[in-house]
1. Roughly how far apart, in whole Å, are the Cα centres of the stretch 1-35 and the stretch 137-195?
2. Suppose every K and R has +1 on its Cβ and every D and E has -1 on its Cβ; what is the size of the dipole of the chain about the Cα centre, in Debye to the nearest 20?
3. Net charge within 13 Å of Ala167 by Cβ-Cβ distance, Lys/Arg positive one each and Asp/Glu negative one each, not counting Ala167 itself?
4. For His41, His114, His188, what ranking results if the residue with the fewest other Cβ atoms within 10 Å of its Cβ goes first?
5. Among all stretches of the chain without exposed trypsin sites (Lys or Arg not before Pro) (DSSP loop, at most 16 other Cβ atoms within 10 Å), which one is longest?
6. Loop-only chymotrypsin sites (Phe, Trp or Tyr not before Pro) in the stretch 54-122, please: DSSP not H, G, I, E or B, and at most 11 other Cβ atoms within 10 Å.
7. Find how much the distance from Thr184 to Ala167 grows on full extension, using 0.36 nm per residue of separation minus their present alpha carbon separation; answer in nm with one decimal.
8. Tally Lys and Arg at +1 and Asp and Glu at -1 over the other residues with C-beta under 10 Å from the C-beta of Thr62: what net charge comes out?
Amino acid sequence: MVKTLFFDVGGVLLTNGWDRVSRRHCVDSFGLDWEEFSDRHDFVADAFETGRMTLESYLERTVFYRGRPFTRDDFVAAMRAESQPLEGLGLAEELAASGQYFMATLNNESRELHEHRVEAFGLDEIFGVFLTSGYLGVKKPDEAMFRLALDLTHTEPEDAVFIDDRALNLECADLLGMRTILYTSADHLRDELRS
Ligand SMILES: [Mg+2]
């Protein structure tokens, strides 16, 4: 019996919020130096994604450590614009509407970008809880993230399905006894859930 569905967000429901591709796109569009930005990003990325650094501090450290001909609001708007819906979002809506499952996210994202994505794409209409690295202080693929997911939803591993588009993230969940599905498309996910 499947009780709880744990959904990755980036690459499944929405495009990735702030991955290498979206960072590169923003950095190029503001005429920043990619190497310089990336060195600074790598230095603080973990703290930013696990809630130990605010978006404001992150931007101070990676972009606004010197004067810029654009504002923080301009840059944040560009960051946000990288988030777009994917077809998995529609399937998640259907699954939530079926009332068969407790729906949870299990995602790596900074607090502020995550909250923008929840509001912009109505994720709060679909999910009962957001197990996000920016709140939990740990991130996938750390085992602690999956243990927290099971504990906080009071789900036995065998009653859980974890859906993610990265095989690496599925390994730990597998080891803990959760059922896992590598997300490739909404149709594939629908077939996997049926079987
Ligand atoms: Mg993903």
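1. Centre-to-centre distance over Cα atoms comes out at 19 Å.
2. 300 debye
3. With Lys, Arg at +1 and Asp, Glu at -1, the net is -3.
4. By the 10 Å Cβ count, ascending: His188, His41, His114.
5. The reported range is 67-165.
6. Tyr65
7. 5.1 nm
8. Combined, the nearby Lys, Arg, Asp and Glu give -1.
Any read-out appearing in this document is the output of simple, stated calculations on the displayed coordinates, not a laboratory observation. Please read these numbers as outputs of a predicted model, since none were measured by experiment. All Cβ positions, glycine included, derive from the backbone under ideal geometry; neighbour counts span all protein chains shown.
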